[in-house]
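Worksheet for the structure shown next.
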Amino acid sequence: MKRFAILMLFALLVACSDELPPSPPPPGQVGVGAAIAGLAGAMPSWAAEARNTAITPSQAYYNDGVILSISNFDYIYSNGYFFNAKSRVWERFNLQGEMNKDWVKGQAVASIPVSPDKFAEGDNYLVVYGCTKVGGQWDCNNRRWMLVAFKVLGFAGGQIPESANIDQFVVNRGIPPFAVIKTGAEYDVFEETTGFDEIKVVRYDAQYREPNGLVVLVHVFDFASRQDVDDTVFAHFAEIIRQGWKVHQGHNVALFLGENDHRVATWTSGKEIIYVETFKAESASKEIIDEYLRKYPSDLKKV
């Protein structure tokens, strides 16, 4: 009986060990700290094209940050690496989400500061590692890291005058359980479509993060007139509104899955369009949506 119990325990330990993927090899083949090679041309042998990843923004300025999100894997390794273009080594950053030992289950997110002492102007790189179980075996891109590229545009040319109005447009404080990460303002444009001219706007941004790593990005698009709002809705959001129409606490909103299966809520309010993007598909960051609905009551109409 005792021997049977020991065998059962061994079987359980073996089963538990199979629940997580094997640890990845270091990036760059010869170990963390290896110089980058081959990225200007063909994909290096230790890397693979990125799948189910999104980096926002894809073009960043110094002293800003990028948000990386990975989804649709069974497990994502909790350590990613960015290439330090100045010291020529890989540096570790942490991914956040639902942790299981050294792995994040399902979806992960990371916020990476873009500093001039670590990143070069032009192309920059980071790597992440994701695994999915297929037919009882772990598929981890052939034990290769997924390579993600983004651009650094150098130092921003200065704040736009409307930056002085940021606090009037976004909630520049914590919204429990979320803390504010950063805010900003810049000029943006909705590209012209058939029958509609290009529409220029001022976009006010706020990023929030809760203790478990969930990140939410809010855009408040400030238009010159309500007519510009209506034209933009008709040209760019009509199908989203038809498919994602929802009444939330008496407010009309549209819910949809955006890039990389991020959950997005959007609505109109006067001459503003509010866009709340949660970096996780099954969550819609109710606390932040509710706070912005209080600030910007919805007047969204079906189209």
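Read-outs: derived from the displayed coordinates by stated rules, not from any lab. Everything quoted here is computed from the prediction, not taken from an experiment. Every residue, glycine as well, gets a Cβ built from its backbone with ideal geometry; the counts of neighbours run over all protein chains shown.
What does the C-alpha gyration tensor say about the overall shape of segment 161-295? Classify as rounded when a/c is under 1.5, otherwise prolate if a/b is larger than b/c, or oblate. Verdict is oblate for segment 161-295.
In this label model, residue 225 and residue 151 are separated by 3.4 nm, measuring between points 7 Å along each Cα→Cβ vector.
Evaluate Rg over Rh across the chain, taking Cα atoms for both radii and Kirkwood's formula for Rh.
On the way: Rg = 22.3 Å, Rh = 21.4 Å.
That ratio equals 1.04.
Phi angles of segment 187-194 translate, via the Karplus equation with coefficients 6.51, -1.76, 1.60 and θ = phi - 60°, into HN-Hα couplings of 7, 9, 8, 9, 5, 5, 10, 4 Hz per residue; Gly and Pro are given as x. Local charge for residue 48 was computed over the other residues whose Cβ lies under 10 Å away, with Lys and Arg +1 and Asp and Glu -1, and equals +2. Restriction of the trypsin sites (Lys or Arg not before Pro) in segment 270-303 to DSSP coil positions whose beta-carbon has at most 16 other beta-carbons within 10 angstrom yields 271, 301, 302.
Length available on full extension from residue 89 to residue 196: 0.36 nm per residue minus the Cα-Cα distance, which gives 33.7 nm.
Once you reduce segment 176-195 and segment 234-279 to the center of their Cα atoms, the two points are 14 Å from each other. In this simple spin-label approximation, residue 19 and residue 159 carry label points 7 Å from Cα along the Cα→Cβ vector, and these lie 4.9 nm apart.
Summing -39500 (n - 2.57) over the DSSP H runs of n ≥ 4 in the chain and dividing by its residue number, what mean residue ellipticity at 222 nm do you reach, to the nearest 500 deg cm²/dmol? Write out the running numbers ahead of the final one.
Numbers: 5 runs with 44 residues, N = 303.
So the calculated ellipticity at 222 nm is -4000 deg cm²/dmol.
Largest first and in whole Å, the equivalent-ellipsoid semi-axes of segment 22-152 read 23, 17, 13, each the square root of five times a Cα gyration tensor eigenvalue.
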